[in-house]
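The values are calculated or read from the model by the stated rules, or taken from the named source; none is laboratory data. On a predicted model such as this, the values are computed, not experimentally measured, just so you know. A quick note on method: Cβ atoms are made from the backbone with ideal geometry, for glycine too, and the neighbour counts reach across all protein chains shown.
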There are 2 protein chains.
Amino acid sequence: MAVRLADVAAAVGLSGSTVSRALSDPDKVNPATRERVLKIAQEMGYVPNQSARSLTAGRTDLIGLLVPDIANPFFPPIIKAVQARANDKGKTILIADIDERPGDELQRARLMRKRSDGLLIASPRTPQDQLAELVALQPVVFINREVPGGTSVIIDSADGMDQAVDHLAALGHRSIAYLNGPRRSWSNTQRQKAIKHACRRRSITLHEFGPFEPQVQSGVHAADLVHASEATAVIAYDDLIALGVIARLTERGIRTGEDVSVIGVDDSPMSAMAYPTLTTVHVPGAEAGSAAVDALLALIDGAEPGEVVNLETRLVVRSSTGPAPS
Amino acid sequence: MAVRLADVAAAVGLSGSTVSRALSDPDKVNPATRERVLKIAQEMGYVPNQSARSLTAGRTDLIGLLVPDIANPFFPPIIKAVQARANDKGKTILIADIDERPGDELQRARLMRKRSDGLLIASPRTPQDQLAELVALQPVVFINREVPGGTSVIIDSADGMDQAVDHLAALGHRSIAYLNGPRRSWSNTQRQKAIKHACRRRSITLHEFGPFEPQVQSGVHAADLVHASEATAVIAYDDLIALGVIARLTERGIRTGEDVSVIGVDDSPMSAMAYPTLTTVHVPGAEAGSAAVDALLALIDGAEPGEVVNLETRLVVRSSTGPAPS
DNA sequence: CTGAAAGCGCTTACAG
DNA sequence: CTGAAAGCGCTTACAG
């Protein structure tokens, strides 16, 4: 097999204890000794066995990350940021894709938990009544959902939604539509509430449609409903739905940004490359990912669960919104 | 701490050996005994310590996956498929994002290798002269690049490119442009070669532009170059570049699919939601991911390195291509 | 600063 | 079919 600690010890003519210390706790060893050990270990191509190290140290330096669907463009930026932050901290990421099957989430979380020092669960889909079992898998940090008793990094839609309504109001829109996301989505509840509030405050008429699945196809469907209503602007649950709306309007010869204004949520890469480019609420997925890693490491180090990190959203204005038609 | 094997053994009144066997090698134990052990282990909430198991078993049941950039839409389908396949086989995925820094790839690969039973490296960016060091990290499977001496799952662009040129030829195009991807990209070399060959065979004039980075912005730039040439159709290195071309053409009032035909490569989700929808060469990323996991498991089980799995591509015709303008 | 020894929690020949 | 014992490769009090 590979070179072991004992092989290095024999080669240097020291005990395993000293070699171990030279490698993992350099301050406890004579500098000269340390140099020799390091040099020879290097020459021999010594690589510590992680399983043995984990067994004695009681930790794996592994972090589990669960996401509902890697292919959903909302998640890659989160995954990427989590990975980067964890790497900086000397941790490695285990990844699990739930493939949008809420029933699998808890079981996959249990499996991941026993291989890692803690869990990051992005947009958990587990129903309310089983949430406690997820929280019990401490240390755990939830991303994009506030979970009772659990540590969460959430993204506050209120600000962004408020800005979106404000933007439309300034453009003269008096009647707008909101396309709801999935019924059980925590984010949708937040967004719906914020938008209702914002419209009421400005005496804007709000028409609601949905629930819709977060897919382009849903937007294609929704576009016709919206166009049949009196709304001159539409805010969609997410960019995918918004892009579907635009595609369908364009197909029907209705000009987005002139005849109808459209706003999405997520600021996913596609929103900048659509035609016309999509006005959307920027959701800081990457920041959420980094913050979640930090919160998890704090938990692993003994912090009390329950902290809620709240990130803000903001409107990014592009070409899909314009003055209300007169 | 948690319940250990010894605790379960004490509770059942059996030796640790028997409990161990009942759990991991049920056939070697009396059925009745097995039942008792399983029942009690379950009741006590016993979960085997993976580090200890790995240390004795000599394997981690972990597979490392390296990707150049999780946020690049080409990779999520691969990651998703790898994860799904690995999960089916009882393996868990460690993920690393190289963030498009070729120089980091080898080092990250080494780190991942010592935590896992084997490596999957998607679209390796490591330069030719260091490739051997990557191959030395056996068991390793490369996805989307053929590496001397290594096991690879590659995607053969030739077929798809041939179909693309065929499609354009049938539409009456006699002069087409190819937008090259990054200079050192293995895929680009393959695609360029295939397209040259296909054009020569049909006596079609080929204009080459680039190299370009695989980004929308590159396409925006390229669009003007193409339009200034005599080409009536353009094949881009990937969908991102193709989408940039379309966006710019639309902006300039040039109708895609009528004045100019555009073809991408990847068949990424965006290609179906662009306007007009993008004709593109479907690249079977998910199939590649599954095949790579299978190849890696075979290597881990002792197969000889060097196998090359070749997957085919095919053209998906949408609305961005049409008859050549007369 | 260094070494001998025990221990982390499992698995696996080897006996019986 | 079951048990005692050794061992996987490290780390860490405990002595010196």
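Could you check, for the range B:66-82, whether at least one of its residues is at pLDDT below 90 and under 17 Å from B:ALA298 (Cβ atoms)?
No, there is no match, as no residue in the range B:66-82 is at pLDDT below 90 and under 17 Å from B:ALA298 (Cβ atoms).
Looking at A:VAL140 and the list (1) touching a Lys or Arg at 6+ places or on another chain (Cβ under 9 Å); (2) at pLDDT 95 or above; (3) not assigned by TED's automatic domain parsing to the domain that holds A:GLY302, which single condition is not satisfied?
Status for A:VAL140: all satisfied but (3).
Can you tell me which residue within the range A:5-58, out of those that are within 12 Å of another protein chain (Cβ to nearest Cβ) and assigned to a loop (DSSP other than H, G, I, E, B), is farthest from DNA strand C (Cβ to nearest atom)?
A:GLY45
Collect the residues in the range A:60-80 that are in a loop (DSSP other than H, G, I, E, B) and more than 9 Å from every other protein chain (Cβ to nearest Cβ), keeping them in residue-number order.
The answer is A:PRO68, A:PHE74.
Which members of the range A:217-240 meet the condition of being touching a residue at least 60 places away in the same chain (Cβ under 8 Å), away from chain B (no Cβ under 11 Å) and not acidic (Asp, Glu)?
Residues satisfying the conditions are A:THR232, A:ALA233, A:ILE235.
Looking at the range A:110-118, is at least one residue over 30 Å from A:GLN215 (Cα atoms), more than 7 Å from every other protein chain (Cβ to nearest Cβ) and charged (D, E, K, R)?
Scanning the range A:110-118, I find at least one residue that is over 30 Å from A:GLN215 (Cα atoms), more than 7 Å from every other protein chain (Cβ to nearest Cβ) and charged (D, E, K, R), so the answer is yes.
When B:PRO76 is evaluated against the numbered criteria (1) in contact (Cβ under 8 Å) with a residue 24 or more places away in the chain; (2) out of contact with any Leu (no Cβ under 7 Å at 6 or more places or on another chain); (3) closer than 21 Å to A:LEU66 by Cα, which criterion, by number, is the only one it fails?
(1)
Results for (1) within 12 Å of DNA strand D (Cβ to nearest atom); (2) out of contact with any Asp or Glu (no Cβ under 9 Å at 6 or more places or on another chain), shown as yes or no for each residue.
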{"position": "A:VAL3", "(1), (2)": "yes, yes"}
{"position": "A:ALA10", "(1), (2)": "yes, yes"}
{"position": "A:SER15", "(1), (2)": "yes, yes"}
{"position": "A:VAL19", "(1), (2)": "yes, yes"}
{"position": "A:ASP25", "(1), (2)": "yes, yes"}
{"position": "A:ALA52", "(1), (2)": "yes, yes"}
{"position": "A:GLY64", "(1), (2)": "no, no"}
{"position": "A:ALA84", "(1), (2)": "no, no"}
{"position": "A:LEU94", "(1), (2)": "no, yes"}
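Look at A:LEU94 and say whether it is part of a strand (DSSP E or B), more than 8 Å from every other protein chain (Cβ to nearest Cβ) and either surrounded by fewer than 18 Cβ atoms within 10 Å (Cβ to Cβ) or away from DNA strand C (no atom under 12 Å from the Cβ) (or both).
In short, no.
Against the definition (in contact with a Cys (Cβ under 8 Å, 6 or more places away or on another chain) and modelled with pLDDT of 95 or more), how does A:ILE176 come out, yes or no?
Here the answer is yes, as A:ILE176 does meet what is asked.
Determine which member of the set A:ILE155, A:ILE195 is in a strand (DSSP E or B) and either at pLDDT below 95 or over 21 Å from the mean Cα position of the chain (by Cα) (or both).
Matching residue, one of A:ILE155, A:ILE195: A:ILE155.
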